[in-house]
Amino acid sequence: MKRIAIIGGGAAGCFCAANIVKDVPGADVTVYESGPSAMAKLALTGGGRCNITNSFASVDNLRDVYPRGYNLMKRALSAFGPRDTVAWFENAGVRLYTQPDGRVFPVSDDAREVVGTLSGMMRRGGVKLRCGSRVASVVREDGFKLDFTDGSVGVADILVIASGGGTAALAESLGAETVPAVPSLYTFRIEDSALRALMGSVAPEAVVGIAGTGFRASGPLLVTDWGVSGPAVLRLSSYAARHLAERGWKSALTVNWTGSSEDGIRRWAESARGENASKFVSSVHPDGLSDRLWKHILNRAGLREDARWSEVGAKVFNRLVSALTADTYAIAGKGSYKEEFVTCGGVSLSSVDPGTMESRNCSGLFFAGEVLDVDAVTGGFNLQAAWSTAYSAYRKILLYL
């Protein structure tokens with residue numbers, strides 16, 4: 001019987017193992033996890049609720065949700081997409097529901113149900129789980145010889161590397177090309193005290209960008225006590241992950257507070273000035289902006305809160321339009337984010353067969369999940385990549401058994 005070793009007891013590794021033993025009960029599968037327990041990160045996703053996938057209903061272009069690896073994901077999703085994920089887990093007993101924004105969660109809103117389901121399938125299928133087993137090196141030697149940091153040794157005929165991007169060196173030692181891993185999905189530290197004083201303020205339809213580049217993202221922006229966060233910022237950090245890393249996470253952030261075009265804001269401001277000449281500028285603001293945030297923007301434009309709209313001359317008017325559509329802040333560094341275990345980088349996709357996730361240079365070697373140079377924005381897309389790439393690997397592995 002072929003011996004299968006899976007390095008990495010996360011979502012991808014465990015999903016691959018569960019599928020193998022579901023189809024081939026009693027298959028010789030061992031999952032090696034360096035941490036004290038399997039699927040620890042999976043248990044944290046979605047704030048502990050497990051954002052298991054996304055409906056993709058609002059996704060027009062895969063590039064928008066997979067900044068790196070969208071071509072490979074197009075192939076992987078055609079083999080095992082979000083509908084397949086929903087059907088797979090519901091057949092396994094996990095009831096799911098879809099939120100209006102497309103995110104899919106267990107009805108229980110408990111990630112432990114998903115972890116328990118996969119763990120149970122692995123256990124019943126005879127998968128051997130070895131936690132606290134960190135692989136130091138792998139050698140191709142009549143199969144694969146695994147050396148562990150505790151001095152022990154393992155052997156396998158088929159090897160799946162499904163661990164984090166930081167373990168890509170193992171793949172490199174087996175002939176795969178790799179791309180340096182850098183963080184993705186994080187918030188921005190902004191040292192502007194006036195902005196940070198607005199902690200808790202939200203601009204629901206903001207557009208943020210990195211000045212001097214084409215990197216842009218839209219969505220809600222949240223002001224925090226360290227800078228800015230929210231879906232718009234997290235998406236931007238994903239799109240610009242490598243660009244920002246190369247600059248030490250210091251760049252100029254542009255903020256369009258309403259998401260409207262400059263012409264659109266100019267027309268709104270002209271209408272506001274014409275219809276509210278005797279009113280204070282602080283009392284009339286674009287929809288969606290709070291009074292606190294509006295007063296901050298007025299300050300940025302050099303406008304007194306007690307000024308009346310009739311007093312807004314051409315120069316001040318232009319400054320107000322600019323403050324609304326092209327406000328600029330210095331990013332002082334990378335902030336923290338509870339799901340910032342996502343990385344950009346890993347095994348180069350040129351080293352992988354996109355239909356099977358098998359190494360182009362080493363037969364019997366497969367890659368799945370975060371070790372690949374594939375990453376996504378928030379919303380269940382990273383987990384879907386784990387399920388899809390693991391499923392593609394499992395289908396080819398069956399042909400070896």
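The values are calculated or read from the model by the stated rules, or taken from the named source; none is laboratory data. Here the structure is a predicted model, which means the values were calculated and not measured. For neighbour counting, all protein chains shown are included, and Cβ atoms are generated from backbone atoms with ideal geometry for every residue, glycine included. Ligands, DNA and RNA are stripped out before the accessible areas are found, and what is left, the full protein with its side chains, is counted by its heavy atoms. Shrake-Rupley method; radii C 1.70, N 1.55, O 1.52, S 1.80 Å.
A compact table of results
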{"quantity": "Which listed residue, of GLY248, GLY200, GLY227, GLY212, is of a type in the set (Gly, Ala, Ser), touching a Phe, Trp or Tyr at 6+ places or on another chain (Cβ under 6 Å) and farther than 24 Å from GLY102 by Cα", "calculated": "GLY227"}
{"quantity": "Flag for LEU222 being open to solvent by 10 Å² or more (accessible area, probe 1.4 Å) and among the aliphatic types (A, V, I, L, M)", "calculated": "yes"}
{"quantity": "Condition check for ASP375: among the acidic types (Asp, Glu), touching a helix residue (DSSP H, G or I) at 6+ places or on another chain (Cβ under 9 Å), open to solvent by less than 10 Å² (accessible area, probe 1.4 Å) and touching a residue at least 24 places away in the same chain (Cβ under 8 Å)", "calculated": "yes"}
{"quantity": "So GLY212, is it of a type outside the set (A, V, I, L, M) and loosely packed, with under 14 Cβ neighbours inside 10 Å", "calculated": "yes"}
{"quantity": "Residues of the stretch 243-275 classified as within 30 Å of CYS344 (Cβ to Cβ) and open to solvent by 70 Å² or more (accessible area, probe 1.4 Å), total", "calculated": "3"}
{"quantity": "Checklist (1) within 19 Å of ILE190 (Cβ to Cβ); (2) touching a Leu at 6+ places or on another chain (Cβ under 9 Å) applied to HIS285, failing item", "calculated": "(1)"}
{"quantity": "Residues of the stretch 133-175 satisfying the condition of being in contact with a Ser or Thr (Cβ under 7 Å, 6 or more places away or on another chain) and among the charged types (D, E, K, R)", "calculated": "ARG134, ASP147, GLU172"}
{"quantity": "In the stretch 2-47, residue farthest from the chain's Cα centre (by Cα) [restricted to those that are surrounded by fewer than 20 Cβ atoms within 10 Å (Cβ to Cβ) and small (Gly, Ala, Ser)]", "calculated": "GLY26"}
{"quantity": "Scope the stretch 78-124; condition within 17 Å of TYR391 (Cα to Cα), among the hydroxyl-bearing types (Ser, Thr, Tyr) and open to solvent by 50 Å² or more (accessible area, probe 1.4 Å); matching residues", "calculated": "SER78"}
{"quantity": "Exclusive hit being in a loop (DSSP other than H, G, I, E, B) and of a type outside the set (D, E, K, R), set SER350, SER363, SER322", "calculated": "SER363"}
{"quantity": "SER163 vs. criteria at pLDDT below 95 and open to solvent by less than 60 Å² (accessible area, probe 1.4 Å)", "calculated": "yes"}
{"quantity": "Qualifying residues in the stretch 149-158 (those that are touching a residue at least 60 places away in the same chain (Cβ under 8 Å) and either open to solvent by less than 40 Å² (accessible area, probe 1.4 Å) or not in a loop (DSSP other than H, G, I, E, B) (or both)) - the one farthest from ARG130 (Cα to Cα)", "calculated": "ILE158"}
{"quantity": "Matching residues in the stretch 86-105 - criterion: being part of a helix (DSSP H, G or I) and of a type outside the set (S, T, N, Q)", "calculated": "VAL86, ALA87, TRP88, PHE89, GLU90"}
{"quantity": "Qualifying residue in the stretch 276-288 (condition: within 26 Å of SER237 (Cα to Cα), part of a strand (DSSP E or B) and open to solvent by less than 50 Å² (accessible area, probe 1.4 Å))", "calculated": "no"}
{"quantity": "Residue list for the stretch 159-174, restricted to those being out of contact with any Phe, Trp or Tyr (no Cβ under 6 Å at 6 or more places or on another chain) and not in a loop (DSSP other than H, G, I, E, B)", "calculated": "GLY165, GLY166, THR167, ALA168, ALA169, LEU170, ALA171, GLU172, SER173"}
{"quantity": "Only listed residue being more than 24 Å from ALA232 (Cα to Cα), free of Cβ contacts under 8 Å to residues at least 24 places away in the same chain and assigned to a loop (DSSP other than H, G, I, E, B), chosen from SER78, SER37, SER108", "calculated": "SER108"}
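So that you can scan it fast, the table gives a plain yes or no per residue for (1) touching a Leu at 6+ places or on another chain (Cβ under 7 Å); (2) acidic (Asp, Glu); (3) open to solvent by less than 60 Å² (accessible area, probe 1.4 Å); (4) modelled with pLDDT of 95 or more:
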| site | (1), (2), (3), (4) |
| --- | --- |
| SER173 | no, no, no, no |
| VAL179 | no, no, yes, no |
| VAL182 | no, no, yes, no |
| TYR186 | no, no, yes, no |
| ARG196 | no, no, no, yes |
| GLY200 | no, no, yes, yes |
| ALA203 | yes, no, yes, yes |
| VAL207 | no, no, yes, yes |
| SER218 | no, no, no, yes |
